[in-house]
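Please treat every number below as a calculation from the coordinates, not as lab data. For clarity, every value in this text was computed on a predicted model and none was experimentally measured. Cβ: placed from backbone, ideal geometry, glycine included. Neighbour counts: every protein chain shown.
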Amino acid sequence: MRKIFLPFALLALLNSCRNEQKPGEATADPMVKNTAATTDEKPKPVEFADAKYMDMGKKMMGDFASGNYDAYGENFADNAVYLYSSGDSIAGKKAIVAYWKDRKAKVIQSVEMSNDIWLPITVNQPQRGPDMKGTWLMGWHQVNATYKNGKSLQFWVHQDMHYDDNNKVDRLIMYIDRGPINAALGMK
């Protein structure tokens with residue numbers, strides 16, 4: 001009898017250790033994602049976006065740093081708005097390109113960008129302020145600028161770019177302290 005009892009006890013023990021989850025049943029383990037399909041799931045307020053936006057941002061900043069403002073401008077929608085954290089703004093792709101061409105011709109000798117960090121996100125539920133629904137690319141980078149007056153500066157820039165349905169930037173917000181730049185240019 002003992003010889004028969006031991007295999008049955010072992011089989012019962014192994015069977016009790018199985019952790020089967022019924023379809024649609026939530027798991028108690030926080031490390032296991034419940035893959036059951038539910039119809040009432042809402043999208044998260046913010047999610048990571050496609051990494052292609054990082055490549056688009058890097059190319060855009062490369063065009064800017066090289067002074068190729070026509071290629072830089074091709075990344076913008078016709079109705080794009082370029083906003084500075086100080087409240088200044090430039091409206092329209094043509095005006096943005098013209099501004100930077102003029103700035104390069106009269107003020108900027110050279111620009112180098114390095115130590116860049118990129119974070120593409122999709123905003124599904126805007127909170128308030130400038131965070132429109134859609135894809136945003138947040139970027140941080142170090143700038144080494146030399147001006148035509150011989151002065152040089154090194155500073156950090158943070159920028160947020162919103163992409164429209166055609167993957168064109170329709171809003172760029174640049175967070176920058178223009179005080180040191182204005183001081184280097186002899187402006188008040």
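One table, with the values for the structure above:
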item: Net +/- balance of residues flanking Met61 in space, Cβ distance below 12 Å, scoring K and R +1, D and E -1; result: -2
item: Charge context of Lys148, other residues only, Cβ under 13 angstrom, K/R +1, D/E -1; result: +3
item: Protection-proxy order for peptides 173-181, 44-52, each taking the mean of Cβ atoms within 10 Å per residue, highest first; result: 173-181, 44-52
item: Relative counts (whole %) of C-alpha pair distances in region 46-184, using bins that are 5 Å wide; result: 2, 10, 18, 24, 22, 13, 6, 3, 1, 0
item: Sum of side-chain charges, Gln125 neighbourhood, beta-carbon under 9 Å (Lys, Arg +1; Asp, Glu -1); result: +3
item: Kirkwood Rh, Cα atoms: Rg over Rh of region 148-188; result: 1.18
item: Within region 46-184: Cβ-based charge dipole about Cα centre, in debye rounded to nearest 20 (Lys, Arg +1; Asp, Glu -1); result: 540
